[in-house]
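For reference, the structure is listed below as structure tokens.
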Amino acid sequence: MNEIIQEDKAAFLYLNNLGSTAFDQFWIMVSGTAVWIPLYIILVYLLYKTFGWKNMIYIVIFIAIGVTISDQLASVFKYGIARLRPCHDPSLDDLMREVKCGGQFGFYSAHASNTFFLATFITVLLRTTFRYLPLLLFIWASTVAYSRIYLGVHFPLDILFGAAVGFLIGGLMSNLTLKTISRKGKK
């Protein structure tokens, strides 16, 4: 396990040190929520056009439940595993670029989990209607996840584990949504 952690730290240092102060504000913005509000509005519109207002109630409920599970499960892991964030790890002092720092513990990334949850959830619901949307959603989720390494708040394994959890929760919740909608009738 120690070898895996050392490799994770080495990968983090490589990726984190690719950054430059000229791009710091861009990656802070990417990591934030407000900049993505237009994307969320577009996704809600696409869901509405595909499923109608009646089914949007179920979709929004399942999204809210999924994001809550994704986010709260990350907190359970953070305090249960108690792995320091890179910006709090004394072995990385003077080796990394610290752009931003969060709470003390970082395993696993709630940002990665939440964005991969949404990307998976929306992909399952809209993949047949909007052909290239899944690719765009997973590029978005990957970009947000990488921003956490760039900023110095997560190790790569924090990101990969968070993405995997979000993917699994997104798959489960989207399939429950589709079963609920099909029982209630579309549109």
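The values are calculated or read from the model by the stated rules, or taken from the named source; none is laboratory data. None of the values given here were measured: they were computed from a predicted structure. Cβ: placed from backbone, ideal geometry, glycine included. Neighbour counts: every protein chain shown. For accessibility, only protein heavy atoms count, side chains too; no ligands or nucleic acids. Shrake-Rupley method; radii C 1.70, N 1.55, O 1.52, S 1.80 Å.
Structural remarks
- 1.4 Å probe accessible area per residue over the chain, in Å²: 53
- Neighbours of residue 133 by Cβ distance under 14 Å: Lys/Arg scored +1, Asp/Glu scored -1, total +3.
- Among 81-92, 163-174, 98-109, the peptide with the highest mean count of other Cβ atoms within 10 Å heads the list, and the full ranking is 163-174, 98-109, 81-92.
- Spatially near lysine pairs across region 29-185, Cα under 21 Å, sequence gap of 8 or more or different chains: 5
- Proximal aspartates and glutamates relative to residue 9, as straight alpha-carbon distance under 20 Å, when same-chain residues fewer than 8 apart are discounted: 89, 93, 94, 98, 158
- Of the DSSP H helices in the chain, those whose Cα atoms cover at least 20 Å axially and whose Kyte score averages -0.5 or more: 2-16, 37-81, 110-126, 133-151, 156-184
- If the segment from residue 4 to residue 29 were pulled out straight at 0.36 nm per residue, it would be longer than the present Cα-Cα gap by 5.9 nm.
- Charge tally for residue 105 (other residues, Cβ to Cβ under 12 Å; Lys, Arg +1; Asp, Glu -1): +1.
- Computed on protein heavy atoms with a 1.4 Å probe, the accessible areas place 96, 56 in the order 96, 56, largest first.
- Mean residue ellipticity at 222 nm, helices only, the chain: -25000 deg cm²/dmol; runs of at least 4 DSSP H residues each add -39,500 (n - 2.57), and the sum is divided by the number of residues.
- Selection from 84, 22, 180 lying farthest towards where the dipole of the chain points positive, charges on Cβ: 180
- Here the chain has 68 percent of its accessible surface on carbon and sulfur atoms, given a 1.4 Å probe and all protein chains in place.
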